[in-house]
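**Q** First, the structure itself, so that you have it in front of you.
Please treat every number below as a calculation from the coordinates, not as lab data. Since we're looking at a predicted model, the values are computed, not measured. Positions of Cβ are backbone-derived with ideal geometry, glycine not excepted, and every protein chain shown enters the neighbour counts.
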Amino acid sequence: MIRLNLTATPEWLDLAPGLRLLVGPLTTALMVSARADLAVETLPEGATQEEMALAMAKSVARRAVLDWEGVGDDAGNIIPVSPEGIDALLEIWPVFEAFQTQYVARGLLLDQEKNVSAPSPTGPSAGATGTARPARGAAPTAPQD
């Protein structure tokens, strides 16, 4: 079953002790916009999966993060959300992993659920049953031109 969140309200994600991000809903519009981000589109042709994942996560975060708590500069002063700050924050491995798991991966879970459909009766599925009788013999080949 697909579970719809019709409220579309922002929510807080706790990514690390003392670090929280307020994020907007992960919508189709957000993902399409993130994919069209210049940083994603201009990745070199030989970019690794890791480089693509990081570029996409930063692109998504720049669009989704509305506020944060527990982020400061070198002197410990609280700083406001900015695209540069978001990029720097996601360069921290545990933060990147937590953001991927708690926010981005939720959009991918639908693919795993497969909408709880039954196995296709016409595919090579283990749940499929035969519906046609076996052929009696070989069919003749088609005439050649």
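**Q** Tell me, what HN-Hα J-couplings in whole Hz come from the Karplus equation 6.51 cos²θ - 1.76 cosθ + 1.60 at θ = phi - 60° for each residue of segment 29-36, using x for Gly and Pro?
**A** Rounded to whole hertz, the list is 4, 5, 5, 5, 4, 5, 5, 8.
**Q** Starting from the Cα-Cα distance between ALA39 and THR101, subtract it from 0.36 nm times their residue separation and give me the gain in nm to one decimal.
**A** 20.2 nm
**Q** Continuing with the same structure: What's the local net charge at TRP12, with K and R +1, D and E -1, over the other residues with C-beta under 13 Å away?
**A** With Lys, Arg at +1 and Asp, Glu at -1, the net is -3.
**Q** Using only the Cα atoms of segment 11-116, build the gyration tensor, take square roots of its eigenvalues as a ≥ b ≥ c, and label the shape rounded, prolate or oblate: rounded if a/c is under 1.5, else prolate if a/b is larger than b/c, else oblate.
**A** oblate
**Q** Another question, then. Taking θ = phi - 60°, what integer Hz values does the Karplus form 6.51 cos²θ - 1.76 cosθ + 1.60 yield along segment 49-66, in sequence order, with x for Gly and Pro?
**A** 4, 5, 5, 5, 5, 5, 4, 5, 4, 5, 4, 4, 4, 4, 8, 8, 6, 9
**Q** Does segment 45-95 come out rounded, prolate or oblate, given a ≥ b ≥ c as the square roots of the eigenvalues of its C-alpha gyration tensor, rounded meaning a/c under 1.5 and, failing that, prolate meaning a/b above b/c?
**A** Prolate, since a/c reaches 1.5 and a/b exceeds b/c.
**Q** Which shape class applies to segment 5-72: rounded if a/c is under 1.5, otherwise prolate when a/b exceeds b/c and oblate if not, where a ≥ b ≥ c are the square roots of the Cα gyration tensor eigenvalues?
**A** Note, shape of segment 5-72 comes out oblate.
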